[in-house]
Amino acid sequence: MLNVAGEPPGDSWGIFAFLCAALCNLPAVPALNGTEELGAGQSIQKTYDLTRYLEHQLRTLAGTYLNYLGPPFNEPDFNPPRLARAEQVPSATVDLDLWRGLTDNARLAANYRAYSRLLCYLRGLDGQAGTAELRHRLGHFCSSLQGLVVSIAGVMSSLGYPLPAGPAGPPLPPGAPAAPNDFLKKMDDFWLLKELQTWLWRSAKDFNRLKKKVPPAVVTLRLEARGF
Amino acid sequence: MANPVPSACCVVLAAVVVVYAQRHSQQDSHIQYERVGADVTMKCGSMDWDAAVTWTANGTDIDDSHLNGSYLILKNVDLTQSGQYSCYEGSSWHLKYQTYLRVGTPPKEPVLMCRSNNYPKGFYCSWHLPSPTYIPNSFNISVIHGTREMVCEKDIFPKNRCHIRYLQLFLTVKYKVTLTVTNALGKNSTSLTFDEFAIVKPDPPESVVAKPVPNNPRRLEVAWQNPSSWPDPESFPLKFFLRYRPLILDQWQHVELLDGTSHTITDAYAGKEYIIQVAAKDNDIGTWSDWSVAVHATPWTEEPKHLTTEAQVTETTSASTSYFVPPPTTKICDWWAVRPWQCVGQLDWSWLLMVSSLFSEYAPSWGHERWGWVLGGHGGLRGSDVVGKGDTKQAVGEEHWV
């Protein structure tokens, strides 16, 4: 329970931000034997919080990056149709009933695969982005996203599910059609960011569902254990 | 075997009735729409310009000054001139022409709102015109998602509302909703473009209840329920925002609650009536609901209703009538003391300063210099309370709330 008392919501996110940044710097999520269900519950909560943190971070990053791309990409109601090439980026879109019926394994695997691939694409952005400041932010975001992938892997292993084959899924075709022109390249970047944003929204819902299905998980965030 | 002659008569009779009705309805059903401020010319059906006719408006004869031959001229029409206009041939008084004149305006840009209060089931859009046109309007709504057009099912009630079921979730492409309003005098339209997530706004929490907690003069227990329109709070949990203040103050206290549908307020001012409201939001997406219906509650107090009795009873030494007499050993003399006059021997200036600064913080308009300090922390000032103004102490009349 957070006593906000009129403060802007950013203050509570600041706490999460520090916590999650600390968590992301852990080398790996240790698999727990013994109290595995308890561990899974905490891992799920941690992963959920990480998606929220990343979504918050992405908002700033996307704003900066789209400004760098320039109009029309940074216009608020820019709503282009999807081109066939953009479908290489894994999409969060899913039929409502299908999404409801996903098993825990399938749900986690979809998240894992998606973020692994999105991470690859994002890293591809790194070298070309405009200012040093922007490249630095992208780099930081990539590290956080890496932390998310590791966190999801941790949840899967603590629940006993095998990791999906290969971190990048099907490897990017070597002649991965580099965009024929500058505008289409920018379109690719636009869709990448959009899909990333949508995945983070979806993951919050995915992990909410998982939280409920892993009893008797203790899903409170323990700030004091981390020294904050 | 049915007799053919009567049935033939029935058929002929029916045909005559139909033709007669059609002829009359053709005369009656003619409607003419005109803009406010326009000039209207009505012709008397097929009559010649120079025929002698009489026009009536809603049964009242119209003065010849409005006539140009057999044409009726209405200049700069206004809303009051709507009605039934009839034209009768001069001498025979045959009805030659009849029309309903409806004066109105073309539609202004409509106001459109779309919202999902039942995520992830779907969303609804509702609309209205910012100002009336005074003539019938028809609305057409189109919802486009990417390349696909979706059908928005019109609701029977309320009117001017339609809803769409989501088939897919977590879409990257936005929805574009276009509303076109058309009437006989013109048309207008407006559009909204939005992401699936941006329009999520639950209905306010329901059944908000606030109760005092027995033997706790500073607590109030508040409980509520998820809005009934939210279909799946298990998978799409809501978080809540509670606000409360005593009626006498303007400043709200806020608490954000990430789980559960109840909360105990522990810092209520003793004896003050509180107003409490709750709002809801999806945990992750969308915006806050409107505030719920306000509930009122007052924390539990141990005061009896008639205080003059208490003042008299404390003077008696009898222990048997004493539920008014406070237990002699337990005196709560912290700064929130309910009966601070018992603590007179223990009061010090720091206590008084704290109380007075508390009141001046929350009621700066009262003016610290005017009211000094108030000894007593419950209800209004009662007969036995004492108000200090500077150095003089005066007893205040009963129930005089400063």
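Numerical summary
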quantity: Failed item in (1) more than 16 Å from the chain's Cα centre (by Cα); (2) at pLDDT below 90, with A:SER157 passing the rest; calculated: (2)
quantity: Members of the range B:53-93 found to be surrounded by 10 or more Cβ atoms within 10 Å (Cβ to Cβ) and farther than 22 Å from B:VAL36 by Cα, listed by number; calculated: B:VAL53, B:THR54, B:ASP61, B:GLY69, B:SER70, B:CYS87, B:TYR88, B:GLU89, B:GLY90
quantity: Candidate set: the range A:197-217, residues that are touching a helix residue (DSSP H, G or I) at 6+ places or on another chain (Cβ under 6 Å) and farther than 20 Å from B:ASP282 by Cβ; chosen: the one modelled with the lowest pLDDT; calculated: A:ALA217
quantity: Residue check, B:PHE236 part of a loop (DSSP other than H, G, I, E, B), within 14 Å of chain A (Cβ to nearest Cβ) and out of contact with any Cys (no Cβ under 8 Å at 6 or more places or on another chain); calculated: yes
quantity: Residues being without any contact (Cβ under 8 Å) to a residue 60 or more places away in the chain and farther than 21 Å from B:GLY271 by Cβ - total across the range B:221-238; calculated: 9
quantity: The one condition in (1) within 10 Å of chain A (Cβ to nearest Cβ); (2) within 30 Å of B:ALA297 (Cβ to Cβ) that B:PRO204 fails to fulfil; calculated: (1)
quantity: Top-ranked residue in the range A:128-150 [being within 21 Å of A:ASN67 (Cα to Cα) and among the polar types (S, T, N, Q); ranked as modelled with the lowest pLDDT]; calculated: A:GLN128
quantity: B:VAL209 being part of a strand (DSSP E or B), more than 9 Å from chain A (Cβ to nearest Cβ) and under 23 Å from the mean Cα position of the chain (by Cα); calculated: yes
quantity: Tally, over the range B:288-306, of residues that are part of a strand (DSSP E or B), surrounded by 15 or more Cβ atoms within 10 Å (Cβ to Cβ) and of a type outside the set (Gly, Ala, Ser); calculated: 1
quantity: Residue pairs meeting the criteria (Cβ under 9 Å; at least 6 apart or on separate chains; first away from every other protein chain (no Cβ under 11 Å), in the range B:134-148; second among the small types (Gly, Ala, Ser) and not in a strand (DSSP E or B)); calculated: B:TYR134/B:SER82; B:ILE135/B:SER82; B:ILE135/B:ALA184; B:PRO136/B:ALA184
quantity: Filter result for B:GLU153 (modelled with pLDDT of 90 or more and within 14 Å of chain A (Cβ to nearest Cβ)); calculated: no
quantity: Matching residues, the range A:88-127, being at pLDDT below 80 and either within 15 Å of A:LEU184 (Cα to Cα) or within 12 Å of another protein chain (Cβ to nearest Cβ) (or both); calculated: A:GLN88, A:VAL89, A:LEU125
quantity: Which numbered condition B:THR266 misses (of (1) modelled with pLDDT under 95; (2) surrounded by 13 or more Cβ atoms within 10 Å (Cβ to Cβ); (3) touching a Leu at 6+ places or on another chain (Cβ under 9 Å)); calculated: (2)
quantity: Strands (runs of 3 or more DSSP E) lying entirely in the range B:239-287 (those with 1 or more residues that are of a type outside the set (Asp, Glu), within 14 Å of chain A (Cβ to nearest Cβ) and touching a residue at least 24 places away in the same chain (Cβ under 8 Å)); calculated: B:262-265, B:274-282
quantity: Residues located in the range A:91-101, provided they are out of contact with any Ser or Thr (no Cβ under 9 Å at 6 or more places or on another chain) and buried (at least 16 other Cβ atoms within 10 Å of the Cβ); calculated: A:VAL94, A:LEU96, A:TRP99
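Per-residue answers, yes or no, for (1) surrounded by 18 or more Cβ atoms within 10 Å (Cβ to Cβ); (2) modelled with pLDDT of 90 or more; (3) on the phi > 0 side of the Ramachandran plot; (4) of a type in the set (D, E, K, R):
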| site | (1), (2), (3), (4) |
| --- | --- |
| A:SER43 | yes, no, no, no |
| A:ASP49 | yes, yes, no, yes |
| A:GLU75 | no, no, no, yes |
| A:ALA86 | yes, no, no, no |
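The values are calculated or read from the model by the stated rules, or taken from the named source; none is laboratory data. All values reported here derive from a predicted model rather than from experimental measurement. Virtual Cβ from ideal backbone geometry, glycine too; neighbours counted across all protein chains shown.
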